[in-house]
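Before any comments, here is the structure.
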Number of protein chains: 4
Amino acid sequence: MGEDAVLRRERVIRFSDCDPAGIVFYPQYFVMFNELLEDWFSDGLEVAFNSLILERRIGLPTVRLEVDFSAISRMGDVVVLLLAVERLGRRSLTLALRCEGQDGQRRMAARQVLVTTSLDTHQAIDIPPDVRAAIARTTEFTP
Amino acid sequence: MGEDAVLRRERVIRFSDCDPAGIVFYPQYFVMFNELLEDWFSDGLEVAFNSLILERRIGLPTVRLEVDFSAISRMGDVVVLLLAVERLGRRSLTLALRCEGQDGQRRMAARQVLVTTSLDTHQAIDIPPDVRAAIARTTEFTP
Amino acid sequence: MGEDAVLRRERVIRFSDCDPAGIVFYPQYFVMFNELLEDWFSDGLEVAFNSLILERRIGLPTVRLEVDFSAISRMGDVVVLLLAVERLGRRSLTLALRCEGQDGQRRMAARQVLVTTSLDTHQAIDIPPDVRAAIARTTEFTP
Amino acid sequence: MGEDAVLRRERVIRFSDCDPAGIVFYPQYFVMFNELLEDWFSDGLEVAFNSLILERRIGLPTVRLEVDFSAISRMGDVVVLLLAVERLGRRSLTLALRCEGQDGQRRMAARQVLVTTSLDTHQAIDIPPDVRAAIARTTEFTP
């Protein structure tokens, strides 16, 4: 996946990410990947995530998630978060997400399917044309 | 799954569970299900979750997660959280988790595979005999 | 404060409330007290917290907080959360909050000043008459 | 305080920091300031925060907190987080914390008193000599 990633960010594992076992509490990975999604929109696609939600009232709820956890992350670790686009549908977007150690060892990998919705009706809507165009323009799709 | 659930708990969706879209921020479902897991251990299996972690130094990290989200939950909603056991392996445990509205409508469903580990080595270990016996004694397995 | 509390709730300290030191991560106390505030509104005052926020678009941001932490709470502890009203102003509300062990030992105590705001302008507004009346009707003020 | 700050970091307000009112959920400020504390230790003092907690088993619980919130922060805002040292005691450390907008407008300010404890006994212990020396060497104290 590494070569197809459209975004790659380093992040320090924080005290507040970890549980009494001293390792990342797994729901916190999804918080980290949501930050990555925001950065991809705001920096990569140049579609401000906050105005998408707050002004345009378009939501991006997750409808499907498949995750494999293969190694732990500890407080203080610097991890690498990667995002690739697997599929761009009419109303949905499939992302491949990965967390690696700095040595390239995979810690966890996820496939996430998101849909665009109206935040007024919470019904699925087509991906807005500007978002679609920005994704198509900047993404090399994972085969 | 309803009839096979070994634990069923109502929970109010809190302000702090929700995001700027006014609905549950999806990682928060996993926090809720972790509470359900704790309750199942402490109340259902009579194996105190805190002493498992802190005294016996046995962890229960997630190794696989598959989730389908089918309807949103809003702040103030009372949801029903259900836990069933799909499989009890030598070192792993497969759970079926579900969140429903009070009308029985499915909001999300997950399959979660957990392994027992030593919190000193973070390597997988056999499920401790008392935990295994408690699960076997109290669980009707989902076919 | 015990005798003046308008709400008293037991709560189990969760795995997800705790940090790598095995004790409650202190911001999590404020999440717990926010749950208590929601319960006070919804159950004690019979003013649904979710409709206050989502439908009436009235916010309750905190403007001042003073907190003393005197003893730790560990995962699995059952704590008692208490809420009393110290002062009901025109646009603000001063709460006395406390977390105790089941033995009555104080773990932490806070004074929190909240104001009512319009969520459209984020400016302070008068406490709505129904909320004021419900507080006045049900509260014995701490001298 | 600006000129006395020993650490100054920009941070984007994330979707996951915000509540259904669309603004930072106030406990999340303390999560942000804990990140700042970690960075100050690891980068400013060159005392790795993770080894302090996990290897040396020294905790830094908060014993006193005073906070004033003066303006809201919204998702997508870039805020500036500042940390200054007000007092270095034998077993305690008093920090002045501030969150500002990029225009320098104060959003919130806090005074936080932390103590060093043994994570085995949870009793206060003297600030370790290397930590004390690093603070003394790098800090211009706020009068």
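We did not get these values from a lab; they are worked out from the coordinates using the rules stated. Keep in mind that this is a model prediction, so the values were computed, not measured. Cβ placement follows ideal geometry from the backbone for every residue including glycine, while neighbour counts extend to all protein chains displayed.
A few points about this structure:
- Each of B:D4, C:D77 was scored by other Cβ atoms within 10 Å of its Cβ. Arranged with the fewest first, they read B:D4, C:D77.
- Summary for C:R9: label point 7 Å along Cα→Cβ; distances to the equivalent points in the other copies, ascending, 1.4, 3.1, 3.2 nm.
- For A:E66, label point 7 Å along C-beta direction: distances to other copies, nm: 0.8, 5.7, 5.7
- Distance cut-off 39 Å, percentage of C-alpha pairs in the protein assembly as shown lying past it: 27 percent
- In degrees, nearest ten, helix C:27-39 long axis to first principal axis of chain C (Cα): 50 degrees
- For region A:37-88, applying the loop criterion from DSSP together with a ceiling of 14 other beta carbons within 10 Å to the trypsin sites (Lys or Arg not before Pro) yields A:R57.
- Among B:D120, B:D68, B:D19: highest mean-square fluctuation, GNM of chain B, C-alpha pairs under 10 Å: B:D120
- Rounded to the nearest 10 degrees, the inclination of helix B:129-138 to the longest alpha-carbon principal axis of chain B is 50 degrees.
- Per residue of chain D, the DSSP helices (runs of n ≥ 4 H) give a summed -39500 (n - 2.57) that works out to -6000 deg cm²/dmol at 222 nm.
- Region D:18-97 and region B:18-73: distance between their alpha carbon centers, rounded to Å: 27 Å
- Computed E for B:R106/D:R11 - FRET, C-beta separation, R0 30 angstrom, nearest 0.05: 0.20
- Most mobile listed residue (B:L45, B:L119, B:L54) in chain B, GNM with C-alpha springs under 10 Å: B:L54
- Label spacing, shortest first and in nm, from B:R91 to its equivalents in the remaining copies (7 angstrom along Cα→Cβ): 4.3, 4.4, 6.2
- Using the Stokes-Einstein relation with a Kirkwood hydrodynamic radius computed over Cα pairs, the translational diffusion coefficient of chain B at 37 °C and a viscosity of 0.692 mPa s comes to 208 µm²/s.
- P(r) for region C:1-61, from all Cα pairs and a bin width of 5 Å, is 4, 15, 20, 20, 16, 15, 8, 2, 0 %, short bins first.
- About the Cα centre, charge dipole magnitude for chain D (Lys/Arg +1, Asp/Glu -1 at Cβ), debye: 300 debye
- Spacing of the modelled spin labels on A:A133 and D:R64, each 7 Å from Cα toward Cβ, amounts to 5.9 nm.
- Largest first, the extents of the alpha carbon coordinates of region C:51-125 on the three principal axes equal 43, 23, 15 Å.
- Per the rotation superposing chains A and D, the chain A residue found at the smallest beta carbon distance from the axis is A:V31, 5, distance in Å.
- Among the GluC sites (Glu not before Pro) within region D:1-105, those in coil by DSSP and having at most 16 neighbouring Cβ atoms inside 10 Å are D:E46, D:E55.
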